[in-house]
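Remarks on the structure that follows.
The values are calculated or read from the model by the stated rules, or taken from the named source; none is laboratory data. Being a predicted model, the structure only gives us computed values, none of them experimental. Virtual Cβ from ideal backbone geometry, glycine too; neighbours counted across all protein chains shown. For the accessible areas, the whole protein counts, side chains as well, though only heavy atoms, and no ligand, DNA or RNA atoms are used. Shrake-Rupley method; radii C 1.70, N 1.55, O 1.52, S 1.80 Å.
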Amino acid sequence: MKPLRLGVIGLGVGEQHILAARARPGWELAALCDFSPEKLAEVSARHPGIPATADADSVIDDPSIDLVTIASWDNFHHAQILRALEKGKHVFVEKPLCLSREEAKDIRSALRAHPRLRLSSNLILRRSLRFMQVKALIDAGRLGDLYHLEADYNYGRLGKITEGWRAEIPFYSVIYGGGVHMVDLMMWFTGGDVTEVTAYGNRLATRGTAFRFDDCVTSILRFRNGATGKMGANFGCVYPHFHQVSVYGTKATFQNTLEGGKLVVDRAPGAPVEAVDAPYPGCQKGELLGGFMDGILAGREPEIPADAVFRTMSVCFAIEESARKGIPVTVEYV
Ligand SMILES: NC(=O)c1ccc[n+]([C@@H]2O[C@H](COP(=O)([O-])OP(=O)(O)OC[C@H]3O[C@@H](n4cnc5c(N)ncnc54)[C@H](O)[C@@H]3O)[C@@H](O)[C@H]2O)c1
């Protein structure tokens, strides 16, 4: 059978897409694209023999290409996804899917018009060995009923928002850029039915820099079954890059801390705790893409189906709206 062909747009984290795709049986890398000539030359030199271009549309419009992976800056995702779907391509896009509810609705409509096509997004923490271990513990009932979750994205890389594209594009959101991973973990752990959110943000840590948006957002989430959650996207923190997660259940509490993962199973002071010691983060950034490609060949839904991506993004849109307006916002699922 002729191999399917894919093109990769954006060669920062997109190089991880190349690495995942190179070794994939049944697939051929047909195009690498970056509008920075230096980046294109640098990454192409590491992956010789693959046609390279600065023009993303030429990749998307190429009739011989079956799958486009999009790792361009956030503000380009919506137009590139729409164009790719309209040209009959499967799409694997970096997070965030897009930058507004309206954009997400467009993408939903385009997918409905092309039901054969698959779409997923790189919500990679679902592949973290540590968080997969937690999910298995939850599914096995070890935590009992979940009633409260806290997930803080401590970005720890101030320079990445005060310099470079995150400071330059027309709109950047730390909720869509990082908080999305935390919302997605909470959706995955709980089965995800958030009905309402309240959020506040500030931009004190980046005062006096080129970054123009809130760098720290805190949100309270209400789930339909009465459970609560707290999401933090803290991009200015003095802290290493880290996902600080607590999951409170009626039988046990999981915590991911700098010192390691632990399951607290006893209320008594000093009682032993169980280690949750699968590697953290324990995943490669291209892992979900590999599975996505295998799924296309096998006619299988992706590990993170489009619907799950829309649901996570819908909660993020509500958080962004609440932080902007200063009022609770009902989640409208796209
Ligand atoms: N899933 C994850 O954990 C994860 C991690 C990092 C970045 N990302 C996402 O990946 C995307 C890229 O981020 P990055 O950190 O790799 O940025 P980056 O600047 O390091 O790399 C992006 C590259 O894409 C190129 N580019 C941007 N827009 C383009 C376009 N329209 N056409 C052609 N080339 C284009 C840039 O020149 C740059 O070389 C962002 O959406 C980001 O949120 C996701």
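Values as computed for the structure displayed
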| item | result |
| --- | --- |
| Probe 1.4 Å, accessible area per residue of the chain, Å² | 43 |
| Rh by Kirkwood over Cα pairs, then Stokes-Einstein D for segment 223-278 at 1.567 mPa s and 4 °C, µm²/s | 97 |
| Only Lys, Arg (+1) and Asp, Glu (-1) charged, at Cβ; the chain dipole about Cα centre in debye | 380 |
| Average projected area [Cα convex hull, segment 151-213], square nanometres | 5.0 |
| Expected 222 nm ellipticity per residue - DSSP helices of 4 or more, -39500 (n - 2.57), all of the chain, to 500 | -9500 deg cm²/dmol |
| Three semi-axes of the equivalent ellipsoid, segment 4-123, Cα gyration tensor, whole Å, largest first | 23, 16, 12 |
| Nonlocal amide H pairs with Arg5, under 5 Å, H built at 1.01 Å | Glu28, Asp66, Leu67 |
| Loop-located trypsin sites (Lys or Arg not before Pro) in segment 263-334, at most 15 other Cβ atoms within 10 Å (DSSP) | Arg267, Arg300 |
| Distance from segment 7-42 to segment 68-129 (C-alpha centre basis), Å | 17 |
| Cβ-derived FRET efficiency at R0 56 Å, Ala268 paired with Arg22, nearest 0.05 | 0.60 |
| HN-Hα J in Hz across segment 318-333 - Karplus 6.51, -1.76, 1.60, θ = phi - 60°, x for Gly and Pro | 5, 5, 4, 5, 5, 4, 6, 8, x, 9, x, 10, 6, 6, 9, 6 |
| Separation of alpha-carbon centers, segment 171-191 and segment 262-280, rounded to whole Å | 26 |
| With eigenvalues of the C-alpha gyration tensor scaled by 5 and rooted, the chain, Å | 33, 23, 20 |
| Accessible area of the chain belonging to carbon and sulfur atoms, whole % at 1.4 Å probe | 53 |
| Mean projected area (nm²) of the alpha-carbon convex hull when segment 173-326 is viewed from all directions | 11.9 |
| Per-residue ³J(HN,Hα) for segment 2-13, Karplus 6.51 cos²θ - 1.76 cosθ + 1.60, θ = phi - 60°, Hz, x for Gly and Pro | 5, x, 6, 10, 10, x, 10, 10, x, 10, x, 5 |
| At 1.306 mPa s and 10 °C, Stokes D of segment 57-216 from Kirkwood alpha-carbon radius, µm² per second | 89 |
| DSSP beta bridge pairing in the chain, given as percent antiparallel to the nearest 5 | 60 |
| Lysine-lysine proximity count for the chain, Cα under 17 Å, sequence distance 8 or more or distinct chains | 7 |
| For segment 248-316, alpha-carbon Rg relative to the globular expectation (2.2 N^0.38 Å, N residues) | 1.61 |
